[in-house]
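Visitor: This is the structure, below, for whatever I ask next.
Read the figures in this text as sums done on the coordinates, not as results from a lab. Here the structure is a predicted model, which is why all the values come from computation and not from measurement. We place every Cβ from the backbone using ideal geometry, glycine too, and count neighbours over all the protein chains shown.
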Amino acid sequence: MKQPLAYVHPDAQVADNVVIEPFVTIDKNVIIEEGTRIGSNVTILEGAHIGKNCKIFPGAVISAIPGFEIQRRKDYC
């Protein structure tokens, strides 16, 4: 679900079932896989790759480093 108050660059690859809350900015060359939830006021910069079923908390800034990747830990419930 994409928020009308969020900006997603046309070159970003966002799976259909990703929840994007208001005031999120997603830069170009970003991949966000299915089941991920992005809280409000999050900025995801160029080059980020966020894996399946991740939760990005409000106010986070992701990927100031090219090729940065986030994956959900398998042992975390």
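Visitor: What is the sum of charges around LYS28, taking Lys and Arg as +1, Asp and Glu as -1, for the other residues whose C-beta is under 12 Å from the C-beta of LYS28? Could the numbers behind the result be given before it?
Guide: Numbers: positive: none; negative: ASP11, ASP27, GLU46.
With Lys, Arg at +1 and Asp, Glu at -1, the net is -3.
Visitor: Classify the range 1-64: rounded, prolate or oblate, from the alpha-carbon gyration tensor (a ≥ b ≥ c, eigenvalue square roots; a/c under 1.5 rounded; otherwise prolate if a/b is larger than b/c)? Don't jump to the answer; show the numbers that get you there.
Guide: Values: a/c = 1.13, a/b = 1.03, b/c = 1.10.
Verdict is rounded for the range 1-64.
Visitor: Can you put PHE23, PHE57 in order, fewest other beta carbons within 10 Å first?
Guide: Ranked by crowding around the Cβ, least crowded first: PHE57, PHE23.
Visitor: Another question, if that's okay. Just in the range 16-57: which trypsin sites (Lys or Arg not before Pro) are loop by DSSP and have at most 15 other Cβ atoms within 10 Å?
Guide: Answer in residue order: LYS28, LYS52.
Visitor: Continuing with the same structure: PHE57 to LYS28: extension gain in nm, 0.36 nm per residue of separation minus the Cα-Cα distance? Show your work: numbers first, answer last.
Guide: Values: separation 29, 0.36 × 29 = 10.44 nm, distance 2.04 nm.
The span from PHE57 to LYS28 would gain 8.4 nm if fully extended.
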